[in-house]
Amino acid sequence: MAMAALRREGRRLAPLISPQSITAVRSSVISQEQAPLGLRSISTQIVRNRMKSVKNIQKITKAMKMVAASKLRAIQVRAENSRGLWQPFTALLGDSPSVDVKKNVIVTISSDKGLCGGINSTSVKTSKALKKLTAGPDKETKYVVLGEKAKAQLIRDSKKDFELSITELQKNPLNYTQVSVLADDILKNVEYDALRIVFNKFQSVVSFLPTVATVLSPEAVEKEAESGGKLGELDSYEIEGGETKSEVLQNLGEFQFSCVLFNAVLENACSEQGARMSAMDSSSRNAGDMLDRLTLTYNRTRQASITTELIEIISGASALEG
Amino acid sequence: MFRQASRLLAQTLRAGVRPFSSDLPAAPTSDSAFIESWKKVIPNIEPPKTPSNFLRPRPATPTSIPSKITVNFVLPYASELSAKEVDMVIIPATTGQMGVLPGHVPTISELKPGILSVHEGNDVTKYFLSSGFAFIHANSVADIIAVEAVRIDHIDPSLVQKGLAEFTQKLSSATTELEKAEAQIGVEVHSALNSALSG
């Protein structure tokens, strides 16, 4: 009865005391708050509140992981099917990432939403490094950014190098028509000799490789063809259709850009879902660990307060007797 | 729920293992000049991958004309035919129907909406393509890239007639250049579809 009364007292006073003691708690969880009115029972309310919020976080992150897993399954199929799209172009024109041109445009693909691990930071790092690599006297490098996250990171130090920035790409499910309109937009408004598309290629659920795909303008193709290499064989190809060779080559370049961009956008979306899955998985696992530790602390706190009450009562009783 | 999570994770991992093993070719080639110049300027970060790392290896140019032509027919959402050995393909180039046999001279050809027919022995498969490109390489590999393709037997003739009538009507009533161009494209595609079905 005395214990019950003391416990009731403790509970009534805890909400008043908790705001001050929360600042003191921090990482050490045992809440020995300043005890006004000579009250010495330790409150378990604070630990209980923390446990509740950590449990909620665990549930939320687990749910986000399930959602990301289901989205990944849907988009992975489409990304794999689109992988055959860029192969013919690279087989014909080769891949020349070390091409030396005056006007470089770096197309960075990123996600709009966060909580997806480090893939957006890797894309931005690669883009910045590419800019450094292609810098030089008489040369200029501009950015075209797809996605909110890369825009936020790049705009801080390269605001004047932004040509175009596009967000809300995944509002409607990705399809080729949308991407080709986007590609058309970019090609019309941006002057370029070489376009470098930076994205994360989906290798597996836990591995995403930053990749750079290079698309050259028709004039750059002509220049490279003269210098030999893979493109040198381009002259041996007969051109059918169109009025002139340059018209066909221009159409080819534009088609190549839209195909490569389509595959890149799909791969990046896949990587985003995969990264989000693993980020949320580790987050819910962390929350689970934290919950375990908090439960132990809670039990210890509870037992300590019961012991304290018992000691007080017994010493009080023995004082009365003796 | 934890069990569900691990099961789903294992499923997606299993599904994810497949592209990992089939995507990287046996001998990946990479642009060494690019990697060298990257390492010089940015030594701390690993150089990014390039499409040549993931390119599926192509057969070399043979000395004699091979008996079959290898066809890769790709669309944005699927690879219809990949490395299929056939006797002949007829592609709808802008300059007309072009037959491609093994040993064809290397060509880059723009395609107009029309029929692509793939001949293998006595089987002929016909697809109706919206435009695209076709590359024929010296090693008798033909790459056909189209934006959209449908098998002829999947097309409904009555809908084609209706579409043709609709677009012809739109063309006659078009006011702006844009409307005229759109209607013109619709008429071309539908009349090509029509002739494809009848021819």
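Values in this text are rule-based calculations from the coordinates and carry no lab data. Predicted model only: the values in this text are computed from it and were never measured. All Cβ positions, glycine included, derive from the backbone under ideal geometry; neighbour counts span all protein chains shown.
Show me, for the range B:155-172, the HN-Hα J-couplings you get by feeding each phi into the Karplus relation (A = 6.51, B = -1.76, C = 1.60, θ = phi - 60°), rounded to Hz, glycine and proline as x.
9, 9, x, 5, 5, 5, 4, 4, x, 4, 4, 4, 6, 5, 5, 5, 5, 5
In nm, give the distance between the simple-model label positions of A:D157 and A:D235, each being 7 Å from the Cα along the Cα-to-Cβ direction.
It works out to 4.4 nm between the two label points.
Give, in whole angstrom and from largest to smallest, the semi-axes √(5λ) of the equivalent ellipsoid of the range A:255-305, with λ running over the eigenvalues of the Cα gyration tensor.
49, 5, 4
With θ taken as phi - 60° and the coefficients 6.51, -1.76 and 1.60, list the Karplus ³J(HN,Hα) couplings across the range A:190-207 in order, rounded to whole Hz; mark glycine and proline as x.
My calculation for the range A:190-207 gives 10, 8, 8, 9, 9, 9, 10, 9, 9, 8, 9, 7, 7, 9, 7, 4, 10, 10 Hz in order.
Given the options A:V54, A:S127, A:I313, identify the residue whose Cα lies farthest towards the positive end of the charge dipole of chain A (+1 on Cβ of Lys, Arg; -1 on Cβ of Asp, Glu).
The Cα lying farthest towards the positive end belongs to A:I313.
Could you give me the ³J(HN,Hα) list for the range A:243-254, computed from phi with Karplus coefficients 6.51, -1.76, 1.60 and θ = phi - 60°, whole Hz, x at Gly and Pro?
Calculated HN-Hα couplings, in order: 7, 10, 4, 5, 5, 5, 5, 5, 4, 4, x, 5 Hz.
Can you grab the distance from the C-alpha centre of the range A:97-150 to the C-alpha centre of the range B:28-73, Å, no decimals?
After rounding, the separation between the Cα centres reads 22 Å.
Roughly how many debye, to the nearest 20, is the charge dipole of the range B:96-179 about its Cα centre, given +1 on each Lys and Arg Cβ, -1 on each Asp and Glu Cβ, and no other charges? Kindly include the intermediate steps, with their values, before the conclusion.
On the way: 5 positive and 10 negative charges, 25 e Å.
Taking the Cα centre of the range B:96-179 as origin, the dipole is about 120 debye.
Ratio of the range A:55-173's C-alpha Rg to 2.2 N^0.38 Å, to two decimals?
Compactness ratio reported: 1.31.
To make sure I understand, if each residue's beta carbon is the centre and we count other beta carbons within 10 Å, what order do B:V118, B:V147 fall in, fewest to most?
Sorted ascending by nearby Cβ count, the order is B:V147, B:V118.
Which links in A:K103/A:K128; A:K113/A:K188; A:K128/A:K160; A:K62/A:K201 stretch past 19 Å when you go from one Cα to the other? Present the calculation step by step, with values, prior to reporting the outcome.
Working: A:K103/A:K128 16 Å; A:K113/A:K188 28 Å; A:K128/A:K160 14 Å; A:K62/A:K201 25 Å.
The answer is A:K113/A:K188; A:K62/A:K201.
Can you show me the helix-derived [θ] at 222 nm for the protein assembly as shown, built from DSSP H runs with n ≥ 4 at -39,500 (n - 2.57) apiece and divided by the number of residues, rounded to the nearest 500.
-17500 deg cm²/dmol
Classify the range A:110-164: rounded, prolate or oblate, from the alpha-carbon gyration tensor (a ≥ b ≥ c, eigenvalue square roots; a/c under 1.5 rounded; otherwise prolate if a/b is larger than b/c)?
prolate
Got a sec? How would A:F255, A:F202, B:F73 order by Cβ neighbour count within 10 Å, fewest to most? Intermediate results must be reported in sequence, preceding the final value.
Numbers: A:F255 19, A:F202 30, B:F73 27.
Ascending Cβ contact count within 10 Å gives the list A:F255, B:F73, A:F202.
Based on the Cβ-Cβ distance from B:V150 to A:E243, what FRET efficiency comes out when R0 is 25 Å, to the nearest 0.05?
Efficiency for this residue pair is about 0.30.
Between A:R293 and A:A135, what is the label-to-label distance in nm when each label sits 7 Å out along the Cα-to-Cβ direction?
Between A:R293 and A:A135, the label points sit 4.2 nm apart.
Given charges of +1 on the Cβ of Lys and Arg and -1 on the Cβ of Asp and Glu, with all other atoms neutral, how large is the dipole of the range A:215-285 about its Cα centre, in debye to the nearest 20?
640
Net charge near A:L261: determine it from the other residues with C-beta under 12 Å of the C-beta of A:L261, scoring Lys and Arg +1 and Asp and Glu -1.
Neighbour charge sum, excluding A:L261 itself: -3.
Calculate the dipole size of chain A relative to its Cα centre from +1 charges on Lys and Arg beta carbons and -1 charges on Asp and Glu beta carbons; express the result in debye to the nearest 20.
Rounded to the nearest 20 debye, it is 2620 debye.
So what's the gap between the Cα centers of the range A:205-235 and the range A:256-322, to the nearest angstrom?
Between the Cα centre of the range A:205-235 and that of the range A:256-322, the gap is 50 Å.
Taking a cut-off of 15 Å between Cα atoms, list the aspartates and glutamates near A:K52, but don't count ones fewer than 8 places away on the same chain.
Within the straight-line cut-off, A:K52 pairs with A:D289, A:D292.
Could you sort out which of A:K65/B:K84; A:K159/A:K230; A:K151/A:K245; A:K223/B:K180; A:K65/A:K149 sit more than 29 Å apart by Cα distance in this structure?
As for pairs spanning more than 29 Å Cα to Cα, those are A:K65/B:K84; A:K159/A:K230; A:K151/A:K245; A:K223/B:K180.
Which listed residue (B:V89, A:Q256, B:A78) has the Cα farthest towards the positive end of the charge dipole for the protein assembly as shown, taking +1 on Lys and Arg C-beta and -1 on Asp and Glu C-beta about the Cα centre?
Highest projection toward the positive end goes to B:A78.
Determine the shape class of the range B:71-199: with a ≥ b ≥ c the square roots of the Cα gyration tensor eigenvalues, call it rounded for a/c under 1.5, and otherwise prolate if a/b is greater than b/c, oblate otherwise.
Prolate, because a/c is 1.5 or more and a/b exceeds b/c.
Would you mind ranking A:K71, A:K65 so that the residue whose beta carbon has the fewest other beta carbons within 10 Å leads the list?
Numbers: A:K71 18, A:K65 22.
By the 10 Å Cβ count, ascending, the order reads A:K71, A:K65.
Under a point spin-label approximation (7 Å from Cα along Cα-to-Cβ), what is the B:L101-A:E312 distance to one decimal in nm?
Between B:L101 and A:E312, the simple spin-label model gives 10.4 nm.
Hey, could you get me the Stokes-Einstein D for the protein assembly as shown, Kirkwood radius over alpha-carbon pairs, 10 °C and 1.306 mPa s, rounded to whole µm² s⁻¹?
Details: Rh = 27.4 Å.
Diffusion coefficient, whole number: 58 µm²/s.
Positive end of the dipole of chain A, charges at C-beta (+1 Lys, Arg; -1 Asp, Glu), about the Cα centre: which of A:S283, A:A69, A:T141 has its Cα farthest in that direction?
A:S283
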